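Have a look at the structure below, then the notes.
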Amino acid sequence: MASLAQTPESTSPETVTLKINNAVAKAEVADTPTLQQKGLMFRESLAKDHGMVFVFSKPERYCMWMKNTPLPLSVAFIDATGRIVNIESMQPKTETSHCARTPVPYALEMKQGWFREKSITVGDRVLGLPTFRP
């Protein structure tokens, strides 16, 4: 994985409300190396419309994987303007890399199929993203 945001660690991540078209997601913010490395590992379930948004220090072609993550997830890679550049489905407990097609400062992980169920596609805009810190 590329270099991660360097910010003070917190014991529990903050949450933000994201809006994409008519869908609303509540996302934990992973904006420190510790939170990003842990991600959603070891989670057995996610509440309805809940996920995690990764906020990186600068746009790069980040990759995600599912080691120690028992839930099937989908990840949307999001550019600095809030536009989704690609969405990937990820299988549980694998080390297969799923990468952004272009440099991005954000990745949003949700329950697998969530984006499809909400008719969210590449090019849609995500509102409410935290500011990334260069």
Task: Close pairs from the stretch 97-120: first farther than 19 Å from Ala80 by Cα, partner assigned to a loop (DSSP other than H, G, I, E, B) and at pLDDT 95 or above, Cβ under 6 Å, at least 6 apart - done: Gln112/Pro72
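Considering only the stretch 61-69, I want to know if a residue exists there that is closer than 15 Å to Leu18 by Cβ, at pLDDT 95 or above and surrounded by 13 or more Cβ atoms within 10 Å (Cβ to Cβ). Before the answer, list the steps.
We begin by selecting, within the stretch 61-69, every residue closer than 15 Å to Leu18 by Cβ; these are none.
Scanning the stretch 61-69, I find no residue that is closer than 15 Å to Leu18 by Cβ, at pLDDT 95 or above and surrounded by 13 or more Cβ atoms within 10 Å (Cβ to Cβ), so the answer is no.
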- [ ] For the stretch 69-113, enumerate the residues that are of a type in the set (Asp, Glu) and either touching a His at 6+ places or on another chain (Cβ under 9 Å) or part of a loop (DSSP other than H, G, I, E, B) (or both).
- [x] Asp79, Glu88, Glu95
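Give the residues of the stretch 72-83 that are within 14 Å of the chain's Cα centre (by Cα) and not aromatic (Phe, Trp, Tyr), sorted by residue number.
In the first step, residues of the stretch 72-83 are kept if they are within 14 Å of the chain's Cα centre (by Cα); the result is 72-80, 82-83.
Result: Pro72, Leu73, Ser74, Val75, Ala76, Ile78, Asp79, Ala80, Gly82, Arg83.
The values are calculated or read from the model by the stated rules, or taken from the named source; none is laboratory data. Predicted model only: the values in this text are computed from it and were never measured. Reconstructed Cβ throughout: ideal geometry from the backbone, glycine too, with neighbour counts over all protein chains shown.
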